[in-house]
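The values are calculated or read from the model by the stated rules, or taken from the named source; none is laboratory data. These numbers were taken from a predicted model, which means no experiment stands behind them. Positions of Cβ are backbone-derived with ideal geometry, glycine not excepted, and every protein chain shown enters the neighbour counts. These accessible areas exclude ligands, DNA and RNA; they are computed on the full protein's heavy atoms, side chains included. Shrake-Rupley method; radii C 1.70, N 1.55, O 1.52, S 1.80 Å.
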Amino acid sequence: MPVPKTVVIVGGSLAGLLHGLYLKRHGSHVVILEQDPGAVRSSHNAGIAFGPAVEEILRKYDATGVQSCTPSVATRFALRKRQHFKELSIIRNLTSWGLLYRLLRANFDGLASDAVPDPPPAREGDGRAEYRAGQRVTKLQRHENGAAVTVGFVGQDGVEGSLTADLVIGADGQHSTVRSLVQARAVKEYSGYVAWRGTVAERDLPPDVAEYFASRTCINLLKGTYIVSYAVPPDTGTFAPGSRLINWVWYYNLPLGSPALTEVLTDSAGKTHGNTVPSGLARPEIFRKHLATTLPAMAAPFAALLSHPGQTPFVTKVNDALTETAVFWDGKVVLVGDALAASRPHFAVATEQAAQHCLGLAKVWGGEQTLQQWARDVTGYGKRIWLLSRVLGAFGLRGWREFVKVLCVYVAFLVRLRLGRGPRGW
């Protein structure tokens with residue numbers, strides 16, 4: 001199966017850009033349609049981790065020469081107030097969503113930014129690449145001969161447009177429009193908890209607190225909740241000590257339908273959001289109220305980090321989604337990244353999963369495997385991580401009864417695989 005000549009990618013976040021960069025470098029003409037109207041998407045200073053698949057794509061196709069990440073030297077666990085409870089040799093490549101986004105945009109469509117002020121020129125053999133912001137996809141139409149798909153979309157100004165391509169890639173996240181348009185069967189669920197997120201400038205912390213987080217992934221295990229924190233570069237891409245941000249994520253139980261959840265999702269202007277209240281809009285008094293319930297039990301570095309004044313946390317519901325298959329319309333539409341399988345974020349594998357999807361499709365286009373084999377692999381991996389993330393979430397937040405329940409479901413899934421029942425991965 002050759003590399004497609006024309007591709008429309010729905011979704012301009014990291015999953016879409018990883019696939020778009022690969023395809024551009026292999027001569028495809030690629031258009032990314034992103035519904036967010038901003039020329040550059042907001043990062044909220046969110047931290048991410050990635051592994052060998054992202055590394056491989058950057059090594060082969062990134063021409064900026066800009067440092068993309070910094071490795072943690074270990075993973076440190078604090079148990080309640082015991083800040084040096086355990087340390088394991090688990091190493092992750094850590095970076096910010098905003099920096100990786102800017103690197104990929106610089107390579108894909110030549111976006112100039114503070115991180116990459118001089119984007120690299122096109123390479124010989126590159127295809128055309130276009131990133132169209134503010135375009136909401138509304139329909140997909142399959143041609144009668146099955147050779148192409150037309151994507152219909154509408155801009156912020158209400159003007160409708162369409163593009164026809166050999167391949168459409170749905171990379172539009174866990175609330176995927178493409179998934180809905182192809183009527184893919186999916187399981188979607190709210191976890192029962194939210195994630196408060198924020199950052200503090202490293203230079204603004206006391207030296208001993210900054211040092212605690214400087215080169216490790218740090219986790220504070222508490223009763224029915226936990227916090228993850230690590231240092232990331234700002235969107236400008238500076239990695240020097242003191243110039244970085246200490247990024248944190250705090251998982252907090254809030255039942256579906258509860259007044260407390262509605263309160264959290266209602267912003268400072270009185271608008272209730274469906275999933276995320278962005279930075280600057282989340283009500284600080286609600287965050288302080290939640291923090292007061294847990295602060296006395298936190299290890300000292302985490303307490304200092306989360307209670308630091310001046311930061312503007314944001315909050316999002318932790319949802320997951322799992323799709324039964326990845327390929328539609330005889331291979332003319334595929335789902336990748338969170339559009340295919342969005343696990344709860346405890347393992348921080350979303351970006352790495354998207355890169356694995358891309359490298360797997362590269363094997364399809366290179367004749368090393370069939371599209372059906374790729375689909376079995378990615379759906380199998382997606383369900384494993386989807387289940388395992390539920391196990392970890394239950395362990396850290398939901399109590400022993402739910403932990404044992406979801407662990408049994410995960411073990412039963414593994415046994416089913418071992419017995420060879422059903423398609424591979426399911």
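How big is the equivalent ellipsoid of region 149-233 along its three axes, where each semi-axis is √(5λ) from the Cα gyration tensor, reported in whole Å from largest to smallest?
Values: eigenvalues 356, 77, 30 Å².
Taking √(5λ) for each Cα gyration eigenvalue gives 42, 20, 12 Å.
Report summary: the helix-based calculation at 222 nm, which adds -39500 (n - 2.57) for every DSSP H run with n ≥ 4 and divides by the residues of the chain, gives -9500 deg cm²/dmol. Restricting attention to the chain, close to 70% of DSSP beta bridges with both partner residues there are antiparallel.
For region 20-78, the pair-distance distribution built from all alpha carbon pairs, in bins 10 Å wide starting at 0, is 15, 34, 39, 10, 2 percent. The C-alpha atoms of the chain define a longest principal axis, and helix 371-393 lies at about 10 degrees to it.
Taking the charge dipole of the chain about its Cα centre, with +1 at Lys and Arg Cβ atoms and -1 at Asp and Glu Cβ atoms, the residue from PRO120, LEU167, GLY51 reaching farthest to the positive side is GLY51.
Once the gyration tensor of the Cα atoms in the chain is diagonalised, the equivalent ellipsoid follows with semi-axes of 35, 25, 22 Å, ordered largest first. Placing unit charges on the Cβ atoms only, positive for Lys and Arg and negative for Asp and Glu, gives the chain a dipole magnitude near 1580 debye about its Cα centre.
Can you sort MET1, MET298 by 1.4 Å-probe accessible area, starting with the largest?
MET1, MET298
Placing unit charges on each Cβ (+1 for Lys and Arg, -1 for Asp and Glu) gives the chain a dipole about its Cα centre, and among VAL228, GLN67, LEU104 the Cα reaching farthest toward its positive end belongs to VAL228. At q = 0.18, 0.30, 0.31 Å⁻¹, what is the base-10 log of I(q)/I(0) for region 283-324 according to the Debye formula with one equal point scatterer per Cα and no solvent? Please give it to two decimals. The Debye formula, applied to the Cα set alone, gives -0.61, -1.16, -1.19. Take the Cβ atoms of LEU392 and LYS363, set R0 to 22 Å, and the FRET efficiency comes out at 0.15.
Give the residue list of GluC sites (Glu not before Pro) in region 90-156 that are DSSP loop and have at most 10 other beta-carbon atoms within 10 angstrom.
On the way: sites: GLU124, GLU130, GLU144; in loops: GLU124, GLU144.
Those satisfying the criteria are GLU124, GLU144.
Counting other Cβ atoms within 10 Å, keep those with at most 14, restrict to DSSP loop, and tell me which trypsin sites (Lys or Arg not before Pro) in region 103-164 are left. Kindly include the intermediate steps, with their values, before the conclusion.
Values: sites: ARG105, ARG123, ARG128, ARG132, ARG136, LYS139, ARG142; in loops: ARG123, ARG128.
Hits after loop and neighbour filter: ARG123, ARG128.
One chain, two ends: ARG136 and THR238. Fully extended at 0.36 nm per residue, the span grows by 33.4 nm beyond their Cα-Cα distance.
Please arrange LYS86, LYS5 by accessible surface area, largest first, computed with a 1.4 Å probe and ligands excluded.
Numbers: LYS86 110, LYS5 150 Å².
Largest accessible area first, the residues go LYS5, LYS86.
Arranged from highest to lowest average of other beta-carbon atoms within 10 Å per residue, in what order do the peptides 260-273, 195-208, 380-393 appear? Present the calculation step by step, with values, prior to reporting the outcome.
Numbers: 260-273: 14.4, 195-208: 18.1, 380-393: 20.7.
The packing order, highest mean first, is 380-393, 195-208, 260-273.
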